[in-house]
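As structure tokens, the structure follows; a few thoughts come after it.
The values are calculated or read from the model by the stated rules, or taken from the named source; none is laboratory data. Note that this is a predicted model, so its numbers are computed, not measured. All Cβ positions, glycine included, derive from the backbone under ideal geometry; neighbour counts span all protein chains shown. Protein only, heavy atoms only, side chains kept; ligands, DNA and RNA dropped before computing areas. Shrake-Rupley method; radii C 1.70, N 1.55, O 1.52, S 1.80 Å.
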Number of protein chains: 2
Amino acid sequence: MQRYFVPAEQFAANTVTIKDDDAHHIVKVMRQKIDDEIIVSNGNGHTVLAKISHIEGKEVTATIQYELEDKTEANVEVWVAQSLPKGDKCETIVQKCTELGADKIIPFQSVRTIVQYDQKKMHKRLERWRKIAKEAAEQAHRDVIPEVTEIYSWKQILSIASEADLAMICYEKEDAVGIKDALQRISLSAAVGESEKKKILIIIGPEGGFTEEEASQAEMEGCTSIHLGKRILRTETAGMVALSCIYYETGEMGGK
Amino acid sequence: MQRYFVPAEQFAANTVTIKDDDAHHIVKVMRQKIDDEIIVSNGNGHTVLAKISHIEGKEVTATIQYELEDKTEANVEVWVAQSLPKGDKCETIVQKCTELGADKIIPFQSVRTIVQYDQKKMHKRLERWRKIAKEAAEQAHRDVIPEVTEIYSWKQILSIASEADLAMICYEKEDAVGIKDALQRISLSAAVGESEKKKILIIIGPEGGFTEEEASQAEMEGCTSIHLGKRILRTETAGMVALSCIYYETGEMGGK
């Protein structure tokens, strides 16, 4: 069933209103009619099954049937910090990391970042990435749209490392510690009585990788320097591989 | 250091000859000169460090210094069978699966496959995918170029399932068995005295997924029906996630 994210303020007690592009999608693309069912989420964990009750112009009203209990979010919170790659690769990264389950995507500038955006272009890019995140979250049947933050500086990345229960930096010269070693060093399940999920930060460099100085600065801020296997991954692939590994370790793929 | 795959017959006892596009790349793109070093592989596990000794026209000759011992191939052999996706998504799939480490990529037709290629177009596509596999293998510093096979029928896919030590089909209606369950059911390390790696086959459906009949036919041929987590993955993402999980389980990412 098609899933739509709408702002929380469009949820009333018993109904939810879908506007603009999403309303257009319901009526014109999916050709849905009164009494057809859709899934609507506020993008923050509140997801309902609703029945279309009214269609007028560019607005669809649906009556909430019940809250969906079958949540699709992971049991850890993962932030992907991605040094800006060349071209439109960041679009792929946002799409794929959202699809896999990332909770926050943090584009940032590091020493070897090549692209430079002026204020106007940066604003446009961010808007585009956020739209991609929303659409990818809908398609992946997520309950949450990951936040795509403003573009951070390297200093800002270092400053958030301590907020995570586990912060890792993918460093191409690291050959001793794999992501599995780092993930298995700490307990990733929330402690009894704790409602907050454990937070994992994964930091990925640009095409040219990190400088030695950046790697050691990150380690000084408590990041574990890790590798993702013996083969050289492109910058746009590292995030997806890291997310797959994290969810594998934390039990989403079955197993013990 | 730049890595080139050349056909085995271009290797002599002490020298190796690089021709055409790769020679052009060495001379014109990388601007390498006599005595510069390159890595050359026969694409089948024989990888050497060589020193350029002669450049003439579209041919570069290099003197073999030593065999590289630091192999980058995984300790399991993975075949990715991918039902043909729409558009040029198969290019991304071939590139990413090669980068991650797949040993064989098998495009195939299933009931819900939408694209149809005539003989001529199919030939062109295969040529293109094979070129992408070669380039991705070079970039990822692999010792082997994965084979991209002809396009298989569904029957052919079923018939190769028994050749694998573990055959898995990604089925969207499967919610009990995750890929980790399947991977942990059998021993994936080669037995003592055995030189052959264990073989894993992973079968991925097209955008519309597999029919119930296809899923049950696969199970009858010994495939384990698995899921890759709670979120809905696009067909072009499933292979990368499965490969990440397989290499995570088999020890490439560190850990026990």
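In Å², rounded to the nearest 100, what is the total accessible surface buried by chains A and B against each other with a 1.4 Å probe? Numbers along the way, then the final one.
Details: alone 13670 and 13700 Å², together 23570 Å².
When A and B are taken together, about 3800 Å² of accessible area is lost.
Give me the compactness ratio for the protein assembly as shown, meaning the Cα radius of gyration over 2.2 N^0.38 Å.
Details: Rg = 24.3 Å, N = 512, 2.2 N^0.38 = 23.5 Å.
The protein assembly as shown yields a ratio of 1.03.
When each copy gets a label point 7 Å from Cα toward the beta-carbon at A:Ser53, what are the spacings between them in nm, shortest first?
8.4
If one computes P(r) from the Cα atoms of the range A:69-117, what percent of pairs lie at distances over 18 Å? Walk me through the intermediate numbers first.
Working: 440 of 1176 pairs.
So the portion of pairs separated by more than 18 Å is 37 percent.
Please report the spacing between the Cα centers of the range B:113-157 and the range A:56-87 in Å, no decimals.
The distance from the Cα centre of the range B:113-157 to that of the range A:56-87 comes to 35 Å.
Could you name the residue in chain B with the C-beta closest to the rotation axis that superposes chain B on chain A, along with the separation in whole Å?
Nearest to the symmetry axis by Cβ: B:Ser244, 2.
Looking only at the protein assembly as shown, where both bridge partners belong to it, what percent of the DSSP beta bridges are antiparallel (to the nearest 5)? Walk me through the numbers on the way to the answer.
On the way: 40 of 92 bridges.
Antiparallel bridges make up about 45 percent of those DSSP assigns within the protein assembly as shown.
State the Cα centre-to-centre distance between the range B:162-206 and the range A:197-245 in whole Å.
Cα centroid to Cα centroid, the span is 28 Å.
Please determine, in degrees from 0 to 90 and to the nearest 10, the orientation of helix A:235-249 with respect to the longest principal axis defined by the Cα atoms of chain A, where the helix direction is its Cα long axis.
So the inclination is approximately 80 degrees.
Between copies, how far does the label point of B:Ile114 sit from its twins, in nm, shortest first, when each point is 7 Å from Cα along Cα→Cβ?
3.3
List the lysines whose Cα lies under 19 Å from the Cα of A:Lys28, skipping any in the same chain that are fewer than 8 positions away.
A:Lys19, A:Lys51, A:Lys58
Cross-link candidates for A:Lys89: which lysines have Cα within less than 22 Å, leaving aside residues fewer than 8 places away along the same chain?
Partners found: A:Lys104, A:Lys120, A:Lys121, A:Lys124, A:Lys131, A:Lys134, B:Lys86, B:Lys89, B:Lys96, B:Lys131, B:Lys134.
Pop the C-beta distance of A:Ser195 and B:His24 into the FRET formula with R0 = 45 Å and round what comes out to the nearest 0.05. Walk me through the numbers on the way to the answer.
On the way: r = 60 Å, r/R0 = 1.34.
FRET efficiency, A:Ser195 to B:His24: 0.15.
Taking just the alpha-carbon atoms of chain A, what radius of gyration and Dmax come out, in angstrom?
That works out to 20.0, 61 Å for Rg and Dmax.
Do any chymotrypsin sites (Phe, Trp or Tyr not before Pro) in the range B:101-133 lie in a DSSP loop with no more than 15 other beta carbon atoms within 10 Å, and if so, which? Intermediate results must be reported in sequence, preceding the final value.
Values: sites: B:Phe108, B:Tyr117, B:Trp129; in loops: B:Tyr117.
Within the range B:101-133, the qualifying chymotrypsin sites (Phe, Trp or Tyr not before Pro) (loop, at most 15 other Cβ atoms within 10 Å) are B:Tyr117.
Among A:Tyr66, A:Tyr171, what's the order by accessible area (1.4 angstrom probe), most exposed first? Walk me through the numbers before you get to the answer.
Values: A:Tyr66 120, A:Tyr171 25 Å².
If we order A:Tyr66, A:Tyr171 from most to least accessible, we get A:Tyr66, A:Tyr171.
Working from Cα positions, state the angle (0 to 90°, nearest 10) between the long axis of helix B:119-139 and the longest principal axis of chain B.
With rounding to tens, the tilt is 60 degrees.
Shortest first, in nm, what separates the label point of B:Gln156 from those of the same position in the other copies (7 Å along Cα→Cβ)?
When each copy's label point is compared with this one, the spacings are 5.1 nm.
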